[in-house]
Amino acid sequence: PEVIQDNSFLLEEAYNQETGVVQYIQAFQYSHKTKEWLYTFTHEMPLPNQTHQLSYTVPLARVGDEEFNSGLGDIALNYRYQLVGNDRLAVAPRLTLILPTGDYKKGLGLGAIGYQVNLPLSWELSDKWISHWNAGATYTPRAREASGIRANLNGYNYGASMIYLHSENFNYLVEIVKSSAQSLASDGSKAWESSSFVNPGFRAAINYESGLQVVYGVSVPIGIGSSRGNNGVLFYLSFEK
């Protein structure tokens, strides 16, 4: 049976889709403290082979402090290049164009086109252990606040994970991720807001004779540092063929 690959939850693994193989990924994350949730749908496809991969991510979210708003967030269009890909090491830099499809007045988007880069690295330490590393940055020129004020906003993210291959079809994982981004106030001032999580969980695969692989998983994001007490649950489901 095929091993489970490219199925992390909060981190990005560095394996592009093989020639002729596409993947549909869904994830749902809920925060017990804030009552906010985020659902994402991602479609990954090689173009035309594993060296080049295109994908898009469509988010739906519920956000708000005193009054909740739900709806479509900012859609991401992604390109990844398989810079390194061998039996032990994979590196696949990503460039992303973030479209202003979310309503910035409701806090569902930034109201301007954004740009993101991310560098995922996957390292097979042994037959049973795999580690993944991410580092990235986001820049949104002329982002909008609900009042209509504009400013350039920056952000960055990094993280790492360890995955234990209990078997080809069942893995344990733990991820550590941190992100920080500038927010814009109605008076035009900017402030940095950070979040940090440890995310233990598992993933499992069902392989069909047709070549379809279904991967499902559950994890428990646990807030640490400035995010302490902000715990939640995450559900993952993907179809690959």
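Just a few scattered comments:
- Checking every one of the GluC sites (Glu not before Pro) in region 130-185 against DSSP loop status and a limit of 14 other Cβ atoms within 10 Å picks out GLU168.
- Placing R0 at 45 angstrom, the Cβ-Cβ distance between ASP127 and TYR56 gives a FRET efficiency of 0.85 after rounding to 0.05.
- Charges were assigned to the Cβ only: +1 to each Lys and Arg, -1 to each Asp and Glu. The resulting dipole of the chain about its Cα centre is roughly 660 debye.
- Farthest positive-ward along region 49-136 dipole, Cα basis, beta-carbon charges - from PRO120, VAL58, PRO100: PRO120
- Taking every protein chain into account, the accessible area of region 38-84 amounts to 54 square angstrom per residue (probe 1.4 Å).
- 5 angstrom amide H check on LEU83, placed H, neighbours 5+ away: VAL91, ALA92
- Carbon and sulfur %, accessible surface of the chain computed with the full protein complex present, 1.4 Å: 60
- Links that overshoot a 30 Å alpha carbon limit, given the list LYS35/LYS241; LYS33/LYS241; LYS128/LYS178: LYS35/LYS241; LYS33/LYS241
- Across the chain, the mean sequence separation of Cα contacts (distance under 8 Å, 6 or more residues apart), normalised by length, yields a relative contact order of 17 percent.
- For region 77-126, relative contact order (Cα pairs under 8 Å, six or more residues apart, normalised by length) works out to 36 percent.
The values are calculated or read from the model by the stated rules, or taken from the named source; none is laboratory data. The model shown is predicted, which means the values in this text are computed figures rather than measured ones. Every residue, glycine as well, gets a Cβ built from its backbone with ideal geometry; the counts of neighbours run over all protein chains shown. The area values use the complete protein model at the heavy-atom level, side chains included, leaving out ligands, DNA and RNA. Shrake-Rupley method; radii C 1.70, N 1.55, O 1.52, S 1.80 Å.
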